[in-house]
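The values are calculated or read from the model by the stated rules, or taken from the named source; none is laboratory data. Just so we're clear, the structure is a prediction, and the values are computed from it rather than from any experiment. Cβ placement follows ideal geometry from the backbone for every residue including glycine, while neighbour counts extend to all protein chains displayed.
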2 protein chains.
Amino acid sequence: MATKSFLGEFEQMVLLAVMAGGNDASGVDISQELERSADRKVSKGSLYTTLDRLKKKGLLNWRIEPGDIARSGLPRRHFTVTERGVKALRESRSALLNLWRNAEDVLGEAGG
Amino acid sequence: MATKSFLGEFEQMVLLAVMAGGNDASGVDISQELERSADRKVSKGSLYTTLDRLKKKGLLNWRIEPGDIARSGLPRRHFTVTERGVKALRESRSALLNLWRNAEDVLGEAGG
DNA sequence: TAAAACAGGTCGACAAAGTAGATCCGTACG
DNA sequence: CGTACGGATCTACTTTGTCGACCTGTTTTA
């Protein structure tokens, strides 16, 4: 368990946002999900940079969807969290859940 | 809501660890809690650096406890999460909870 | 009592993550 | 054409994350 690599806060959120719509999101989907669920506005730069890093770490992948639909013409990327990504997410969640549990007195119940 | 500042992953965990034992932890308490609940081993350097930064941001405070106890007459710091710290933690938790909820299909239930 | 062995902490430095603005490219529209 | 626009990339800078080495008083102990 030595060199476990932890997810940064934003990385974690991005990964989660990718999965939110069925683990096949476009850049726009992601930023909308982030804005909705985390009340967090991100710039394109921030988002794509993070997406790239996540891929470099093998936690995420994408395929190019040749565009001939809707707005027709432009290809766009569809992102998918990999197995490793899901695993990292689980670990991260479990750690946080533990910690929150122990601080519950002050933080208040998780449910609310 | 403009310049909301988000907690980094580690900062968050440290804050949580401080509260775990009643919001009055020593450096050692914190690193033990981190190790126990998050299965995460941290060096003194990492820990104290983060603690300092957290204080600089007003999310944490400490007082020096003059040492007069048994084997260690050394003074040590006792850390406490501030109101703002608790607030930041709550926000962070709520965002993550939302995101997790939407990704539940793949991550599995939160309860476990 | 000098010198290890310790506990608790501080420093300096560097890697990784977070963030945004300018820019680019192909398409739609007037 | 020229402008607006969605989608994405690049460049560059700030914050966080992480450590190892060093420092300072305390006990132990030969």
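Can you name the residue in segment A:29-47 that is within 15 Å of B:Glu91 (Cβ to Cβ) and under 12 Å from the mean Cα position of the chain (by Cα) and is also farthest from DNA strand D (Cβ to nearest atom) among such residues?
Filtering segment A:29-47 for residues that are within 15 Å of B:Glu91 (Cβ to Cβ) and under 12 Å from the mean Cα position of the chain (by Cα), the one farthest from DNA strand D (Cβ to nearest atom) comes out as A:Ser37.
Taking segment A:18-29 only, how many residues are at pLDDT below 95, within 10 Å of A:His78 (Cα to Cα) and within 12 Å of chain B (Cβ to nearest Cβ)?
The total comes to 4.
Which residues, taken from segment A:75-95, are in a helix (DSSP H, G or I) and surrounded by 14 or more Cβ atoms within 10 Å (Cβ to Cβ)?
A:Gly85, A:Val86, A:Ala88, A:Leu89, A:Arg90, A:Glu91, A:Ser92, A:Arg93, A:Ser94, A:Ala95
For B:Ile69, which of the numbered conditions (1) modelled with pLDDT under 95; (2) loosely packed, with under 15 Cβ neighbours inside 10 Å; (3) within 13 Å of another protein chain (Cβ to nearest Cβ) fails to hold?
(3)
Can you tell me which condition A:Phe6 does not meet? The list is (1) at pLDDT 95 or above; (2) within 14 Å of DNA strand C (Cβ to nearest atom); (3) within 10 Å of chain B (Cβ to nearest Cβ), and all the others hold.
(1)
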